[in-house]
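*Asks:* The structure that follows is given in the form of structure tokens.
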Amino acid sequence: MARTKYHKFKGGERCDECGARQWFAQDALRYCRNGHRLEGFANHEADEDAFGTQGRVTRKKKEARRKVAVKLSGDEGRELYLEVLQLVLIRQVRWLVDARGFPDDFAALVRALWALRVRNLPLRERADGKKSERGRDGASSSGRGGGDESDGGTSSAWFSSQSEMGESSDPDLSDATTATWAPDARRRWKVPRLIDTLALCYLACLVRRLPVSTGDFHEWAQKGDLEFLAAFNEIPRNVRDRLPPEYHRALQVRDHLPPGRLQATVQQLVISFHVNFDMIMPPLNYVPIMIRLITDLVLPIDIYITAKFIGELLKTQFSYSTGGKRIRTIDNPEVLLASLVVVSAKLLYSLDNLERPPISQHDPRRTKVNWKEWKKIITGKSAEECANLARGEEYKVTADDALNMDKQKLDDYMDWFEKMWLHDGEPKATERVRNLFDQKRTSSKPDESPNPELNPADQTRKQYEMLSQSISSARRIIEPTEDERNQSRNLCPVWRSETDLPDAAKVLYGKAAELAAIPPAMLIRGATQVETQLELWCIQKTKDDGKGKGKIPVVVDDESDDY
């Protein structure tokens, strides 16, 4: 006798009489396991003549379900945000060491500064999925972030020395006015921002006395070499999906880094390190930075001697201010350095095209620079630079520019657009944008292989050869009278705004501000303050020598600039 084949009821059905969950078929009828006949069911044999008349069966494809990650909130969300910042910082340090040749102990310096930055933040320690309180010397270990960097994790060695866990509260992404990082009475977190990662790397360079400026970090970040602008897209997707929305906004920066923003952040961190830990940063290693700034501006080397001499007269320390009621523009060492360079160029060589004959053999005005030729040198571009879109300036492209671009520049712009705004979180949007353009196009970025014509050293030498041809010496030396000395044409002019600058001065100030990564107005204000300090020194020197009132060019207001 054949074994009876039992079937399970579908949809949780049962036998109405005995509640059995299984049934079997017999003689075209259906019975439950206990033999009760089930109504409403009859099994019919298929007719041989009806074979193949069913037609083609099409099954609807089910859409793949996307797993929605659970958004973290409160303290867990904030700690995940800190781990993301730590991951970005680790990648920045790795690029600086590998690509820029920074010393091996640079990572240890950044790690120490990061540990101090997060020391006063209330963080939790997790081990084996259990929560525990942490003492001041405890090390952090998170189940979300431990281990592999590719999974969005970070090394537990970077987290150290935090205080005990506090109550949940809103984060405080405060501005430069925040000095202390400890939670206030409302238990608000003074969490770091994304730009703090660049500032911490710069402060490590300051401690290590490396000849690196904030302008260098600004350029690397703007060109995309140093991870910053597109850092949000580089975060692993599983980590990005779990971040709270407010931290999405904190990590999604604009398409460019505004000039002066990094300077203000560095000043904030210097003050905060001093307030929280009584730390004083060492002075700037200004000599190689000043020489590099002068060569990038293609200025005569005499400007270095004059700028260094003026700095010694004014007893400048090239150190960041650690606080006070008033922080002037020239209290920033890099702004002071750029101001000394432009003031020296202004004193040695006439930028306003006025004839100022030398009065002695040692008068620096014997040498004259053809500023029109200098302007051609400083603004000139090679054929390779003209053919491609300038890196770091893609955000300046407008709709009209995009319509008039050639193929190479448009390819460069689309490469930048894809890196900045399209990522793996939106694969369909990325594919739709790519389909609008040729899929077989090749990257039009210039080859970074060594090329003698594009070698920076050879290019600088060629620029200075062109500058030497534009420099001439004044033959006529006059012995001016007292009245001629006080004529307005022999006095140093004062420029307080960009509208007051002559053509050559506008190019010089603009290029110097671009290299220093500050707004031109800040550089003009810093130069004015340097001229004021220099004038006050001359007046005091003249009084000390007993020669009466000093004859100095002008008197300007010492305006301040608060960060």
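The values are calculated or read from the model by the stated rules, or taken from the named source; none is laboratory data. It should be emphasised that the depicted structure is a prediction, and the values quoted were computed from it without experimental measurement. Glycine gets a Cβ as well: all are built from the backbone with ideal geometry, and neighbour counts include every protein chain shown. What goes into the accessible areas is simple: the full protein's heavy atoms, side chains included, and nothing from ligands, DNA or RNA. Shrake-Rupley method; radii C 1.70, N 1.55, O 1.52, S 1.80 Å.
*Asks:* What pairs in K315/K346; K223/K346; K190/K315; K62/K419; K308/K511 have C-alpha atoms more than 27 Å from each other?
*Replies:* From the list (K315/K346; K223/K346; K190/K315; K62/K419; K308/K511), the Cα-Cα distance tops 27 Å for K223/K346; K190/K315; K62/K419.
*Asks:* Sticking with this structure for a sec: Work out from phi, with θ = phi - 60° and the Karplus expression 6.51 cos²θ - 1.76 cosθ + 1.60, the ³J(HN,Hα) of each residue of the stretch 342-353, listed in order in whole Hz, and give x for Gly and Pro.
*Replies:* Listing the rounded values in order: 6, 5, 5, 5, 5, 7, 7, 10, 5, 9, 10, 6 Hz.
*Asks:* Shifting gears a bit: Using protein chains only and a probe of 1.4 angstrom, how many square angstrom of K462 are accessible, to the nearest 10?
*Replies:* Spelled out: K462, probe radius 1.4 Å, area about 130 Å².
*Asks:* So, one more: Let me know the shape class of the stretch 181-284, please: from the alpha-carbon gyration tensor, a ≥ b ≥ c as square roots of the eigenvalues, rounded when a/c is under 1.5, otherwise prolate if a/b is greater than b/c, or oblate.
*Replies:* Oblate shape, in that a/c is at least 1.5 and b/c is the bigger or equal ratio.
*Asks:* Once fully extended, how much extra length lies between A387 and K8, figured as 0.36 nm per residue of separation less the alpha-carbon to alpha-carbon distance?
*Replies:* Roughly 129.1 nm would be gained on extension.
*Asks:* How much of Y247 can a 1.4 Å solvent probe reach, expressed as accessible area in Å² and rounded to 10?
*Replies:* Rounded to the nearest 10, that gives 0 Å².
*Asks:* Also, quick follow-up: Quick one: net charge around V253, please, counting Lys, Arg +1 and Asp, Glu -1 for every other residue with C-beta under 11 Å from its C-beta.
*Replies:* Overall, the nearby charge balance is +3.
*Asks:* To check my understanding: the extent here is largest minus smallest coordinate of the Cα atoms along each principal axis. What are those three numbers for the stretch 66-112, in Å, largest first?
*Replies:* That gives 42, 27, 9 Å along the principal axes, largest extent first.
*Asks:* At a Förster distance of 25 Å, what's the computed FRET efficiency of Q408 paired with R100, Cβ-Cβ distance as r, to 0.05?
*Replies:* After rounding, the FRET efficiency stands at 0.35.
*Asks:* Please list log₁₀ I(q)/I(0) at q = 0.16, 0.23, 0.33 Å⁻¹ for the stretch 304-353, using the Debye equation with identical point scatterers on the alpha-carbon positions.
*Replies:* Debye curve over Cα of the stretch 304-353, log10 I(q)/I(0) at q = 0.16, 0.23, 0.33 Å⁻¹: -0.50, -0.84, -1.26.
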